[in-house]
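Heads up: the structure comes next, in structure tokens.
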Amino acid sequence: MMSELLSQVVGSYNYWIVVFLMMTGFYILISRGNLIKKLVGLNVFQTSVFMLYISLGKITGGTAPILVDDPEALYSNPLPHVLILTAIVVGIATTSVGLALAVRIKEAYGTVEEDEINEIEAGIDDRRAPGRAALRGP
Amino acid sequence: METATDIVLLALLAATAVGLVRIRNLFAVVMLAGIYSLLSAGLFTVLDAVDVAFTEAAVGAGISTVLFLGALALVGHREKKPTRTGRMQVLPLAVVLITGAALVYGTMDLPPFGDAANPVHHRVADHYLEETYHEIGVPNVVTAVLASYRGYDTMGETTVVFAAAVGVMLLLGGGARRRRGGAAPASESESE
């Protein structure tokens, strides 16, 4: 019973930590207002997905999928590696666009804090349609 | 030994992620994110994904950190103290805990970690491992699949990178033009 539980824990340890990391990134993304911090959270989330895929491709006692002469060699699954290589490169591309957007928002609004941007936006709306501000009250 | 390294690296990653949540100095956050990437590169090496590991070390810990530092130089490195009310702080935590619990429940159905009998390791993966050397003549299976079997996919990936580069140049180059301000020629200000 005890050893069964232990093997279940060892067999799922990688997945559980991946879920923890994923949720940490998700938490940063939805609870923090700073756009740069949000992008860091997005990166944490993304890297955790990479780890999930690579964990699924691992074979215990295996070696990297680079062919050697030994016919008995056991290789880990190369396909997740290929997918994740592509994902890393696409990830840095989206991150750089996100950072460029943050820099433009800083230029336009003078801040990268979400709530301050919302306040400025609300102020612009009030100037355009003063009636709505009156409806909302002071 | 391999398993021990795996466990230690994942524990360090979890600790780093908690640090990322708590620290508000964005300069420290970016540095910690670089460490996080380097740790994950180490983890990929332990998990036999050497190609992924060096790409993550170069792109995640290198280029990404430089980009974040460049952005910080332009937007400032202090994160504001959260000014939300009680309910607004509890809501994200609740969402994260529920999603996390659902995902952990999902992992119960995943095959055990590292088992060679897992279904994902058969059929397609076997074919690549057995045939790559005859068909492509490159001993590194990952490179062979990436550049040859899935060459079109990689070409699509470079298209994405190109589109991102164009997007960044438009976003930032446009700002430089606006900053020159009133001196801009009439035709340019009309087009905006």
Query - Test for B:Val96: is it under 21 Å from B:Leu10 (Cβ atoms), at pLDDT below 80, at the interface with chain A (Cβ under 9 Å from one of its Cβ atoms) and not in a loop (DSSP other than H, G, I, E, B) - result: no
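Restricting to the stretch B:134-176, give me the number of residues that are in a loop (DSSP other than H, G, I, E, B) and either touching a residue at least 60 places away in the same chain (Cβ under 8 Å) or closer than 16 Å to A:Ala87 by Cβ (or both). Even if it seems obvious, please write down each step before you answer.
Step one: filter the stretch B:134-176 for residues in a loop (DSSP other than H, G, I, E, B), giving B:136-139, B:150.
Narrowing the set further to residues that are either touching a residue at least 60 places away in the same chain (Cβ under 8 Å) or closer than 16 Å to A:Ala87 by Cβ (or both) leaves B:150.
Residues in the stretch B:134-176 being in a loop (DSSP other than H, G, I, E, B) and either touching a residue at least 60 places away in the same chain (Cβ under 8 Å) or closer than 16 Å to A:Ala87 by Cβ (or both): 1 in total.
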Query - Verdict on A:Thr86 being within 7 Å of chain B (Cβ to nearest Cβ) and under 19 Å from the mean Cα position of the chain (by Cα) - result: yes
Report summary line: Checked A:Ser55, A:Ser76 against criteria (buried (at least 22 other Cβ atoms within 10 Å of the Cβ), under 22 Å from B:Leu47 (Cα atoms), facing chain B (nearest Cβ under 8 Å) and at pLDDT below 85); the one match is A:Ser76
Requested in this report: Take the stretch A:42-52 and flag every residue that is hydroxyl-bearing (Ser, Thr, Tyr) and facing chain B (nearest Cβ under 7 Å).
Outcome: A:Thr47
Query raised in the report: Can you name the residue in the stretch A:58-68 that is surrounded by 19 or more Cβ atoms within 10 Å (Cβ to Cβ) and of a type in the set (Gly, Ala, Ser) and is also nearest to the chain's Cα centre (by Cα) among such residues?
Result: A:Ala64
Requested in this report: Name, by its number, the condition in (1) more than 7 Å from chain A (Cβ to nearest Cβ); (2) in a helix (DSSP H, G or I) that does not hold for B:Val104.
Outcome: (1)
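Taking A:Leu99, is it part of a helix (DSSP H, G or I), of a type outside the set (Lys, Arg) and modelled with pLDDT of 90 or more? Full working, then the answer.
Details: part of a helix (DSSP H, G or I): yes; of a type outside the set (Lys, Arg): yes; modelled with pLDDT of 90 or more: yes.
So A:Leu99 passes the test.
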Query raised in the report: In the stretch A:34-41, is there at least one residue being more than 8 Å from chain B (Cβ to nearest Cβ) and open to solvent by 50 Å² or more (accessible area, probe 1.4 Å)?
Result: no
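So which of A:Ile88, A:Ile30, A:Ile92, A:Ile105 is among the β-branched types (Val, Ile, Thr), closer than 23 Å to B:Ser37 by Cβ, in a helix (DSSP H, G or I) and in contact (Cβ under 8 Å) with a residue 24 or more places away in the chain?
Every option except A:Ile88 fails the conditions.
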Requested in this report: Considering each residue of the stretch B:10-51, count those that are more than 15 Å from A:Gly25 (Cα to Cα), open to solvent by less than 60 Å² (accessible area, probe 1.4 Å), more than 7 Å from chain A (Cβ to nearest Cβ) and not aliphatic (A, V, I, L, M), and give that number.
Outcome: 2
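The values are calculated or read from the model by the stated rules, or taken from the named source; none is laboratory data. If you're wondering where the values come from, they're calculated on a predicted model, not measured in any experiment. Every residue, glycine among them, receives a Cβ derived from its backbone with ideal geometry; neighbour counts consider all protein chains shown. Note: accessible area is taken over every heavy atom of the protein model, side chains too, but ligands, DNA and RNA are not part of it. Shrake-Rupley method; radii C 1.70, N 1.55, O 1.52, S 1.80 Å.
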